[in-house]
1. So which residues in segment 57-86 are under 20 Å from Asp20 (Cα atoms) and not aliphatic (A, V, I, L, M), if there are any at all?
2. Would you point out the residue of segment 87-116, among those that are touching a Gly at 6+ places or on another chain (Cβ under 9 Å) and β-branched (Val, Ile, Thr), that is farthest from Glu43 (Cα to Cα)?
3. What are the pairs with Cβ atoms under 7 angstrom where one residue, in segment 59-88, is within 18 Å of Ala31 (Cβ to Cβ) and among the polar types (S, T, N, Q) and the other, located anywhere, is at pLDDT below 95 and in a strand (DSSP E or B)? Sequence gap at least six, or different chains.
4. Might you check whether a residue that is in contact with a Leu (Cβ under 8 Å, 6 or more places away or on another chain), charged (D, E, K, R), in a helix (DSSP H, G or I) and in contact (Cβ under 8 Å) with a residue 40 or more places away in the chain occurs anywhere in segment 43-55?
5. Going by the conditions given, is Gly38 small (Gly, Ala, Ser), closer than 20 Å to Lys131 by Cα and either outside any strand (DSSP E or B) or modelled with pLDDT of 95 or more (or both)?
6. What residue, among those in segment 78-135 that are in contact with a Lys or Arg (Cβ under 7 Å, 6 or more places away or on another chain) and among the acidic types (Asp, Glu), is nearest to Val14 (Cα to Cα)?
7. Can Asp20 be described as at pLDDT 95 or above and surrounded by 12 or more Cβ atoms within 10 Å (Cβ to Cβ)?
8. Would you point out which residue out of Leu111, Leu130, Leu54 is of a type in the set (A, V, I, L, M), out of contact with any helix residue (DSSP H, G or I) (no Cβ under 8 Å at 6 or more places or on another chain), farther than 25 Å from Met16 by Cβ and surrounded by fewer than 18 Cβ atoms within 10 Å (Cβ to Cβ)?
Amino acid sequence: MANENKTGESLIRVRMSDADAHYGGGLVDGAKILSLFGDVATELLIRLDGDEGLFLRYDEVEFIAPVFSGDYIEARGWITKVGNTSRHMEFLAKKVVSAKRDEGETAADFLDEPVVVVRARGVCVTPKELKRKKS
């Protein structure tokens, strides 16, 4: 997935909590990362159109590395193409802090090289009647 033709970018950083863990060993469900991508997409649509718009579909999702409670995830996205009502987007989630529970309850490392955990592409729409800005 290329990073070209960006028309703005959104970034959020979130700590995964024990409540986000869905599986044994504190493993976080991949759907949690997709939820973060939804928030990123919403911000991008507000910036472009002045409206939250709607997430239409994911065209591709790659789960690359596990995420655990205590990890900090940086989710970013950008618009790659603008149609009449459609907005094509790409998303990338990286682990920037890794919890080290095997070394102590509160042990963690800030990663010199963030780890890509999820990549995705999707399409959102902003109905014409809801657009408040000209794009």
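1. Once the filter is applied, which keeps residues that are under 20 Å from Asp20 (Cα atoms) and not aliphatic (A, V, I, L, M), segment 57-86 yields Glu62, Phe63, Pro66, Phe68, Ser69, Gly70, Asp71, Tyr72, Glu74, Arg76.
2. Taking the candidates together, the pick is Thr106.
3. Ser69/Ala21; Ser69/Ala99
4. If we filter segment 43-55 for residues that are in contact with a Leu (Cβ under 8 Å, 6 or more places away or on another chain), which is where we start, we get 49, 51-53.
Narrowing further to those that are charged (D, E, K, R): 49, 51-52.
When the remaining residues are screened for being in a helix (DSSP H, G or I), the result is 49.
Still in the running and in contact (Cβ under 8 Å) with a residue 40 or more places away in the chain: 49.
For segment 43-55, residues in contact with a Leu (Cβ under 8 Å, 6 or more places away or on another chain), charged (D, E, K, R), in a helix (DSSP H, G or I) and in contact (Cβ under 8 Å) with a residue 40 or more places away in the chain: present.
5. Numbers: small (Gly, Ala, Ser): yes; closer than 20 Å to Lys131 by Cα: yes; either outside any strand (DSSP E or B) or modelled with pLDDT of 95 or more (or both): yes.
Against the criterion (small (Gly, Ala, Ser), closer than 20 Å to Lys131 by Cα and either outside any strand (DSSP E or B) or modelled with pLDDT of 95 or more (or both)), Gly38 qualifies.
6. Filtering segment 78-135 for residues that are in contact with a Lys or Arg (Cβ under 7 Å, 6 or more places away or on another chain) and among the acidic types (Asp, Glu), the one nearest to Val14 (Cα to Cα) comes out as Asp109.
7. Working: at pLDDT 95 or above: no; surrounded by 12 or more Cβ atoms within 10 Å (Cβ to Cβ): yes.
Taking the combined requirement at face value, the residue does not satisfy it.
8. Values: Leu111 fails: farther than 25 Å from Met16 by Cβ; Leu130 fails: out of contact with any helix residue (DSSP H, G or I) (no Cβ under 8 Å at 6 or more places or on another chain).
Among Leu111, Leu130, Leu54, only Leu54 is of a type in the set (A, V, I, L, M), out of contact with any helix residue (DSSP H, G or I) (no Cβ under 8 Å at 6 or more places or on another chain), farther than 25 Å from Met16 by Cβ and surrounded by fewer than 18 Cβ atoms within 10 Å (Cβ to Cβ).
The values are calculated or read from the model by the stated rules, or taken from the named source; none is laboratory data. Computed from a predicted structure; not experimentally measured. When we count neighbours, we look across all protein chains shown, and the Cβ atoms used for this are built from the backbone with ideal geometry, even at glycine.
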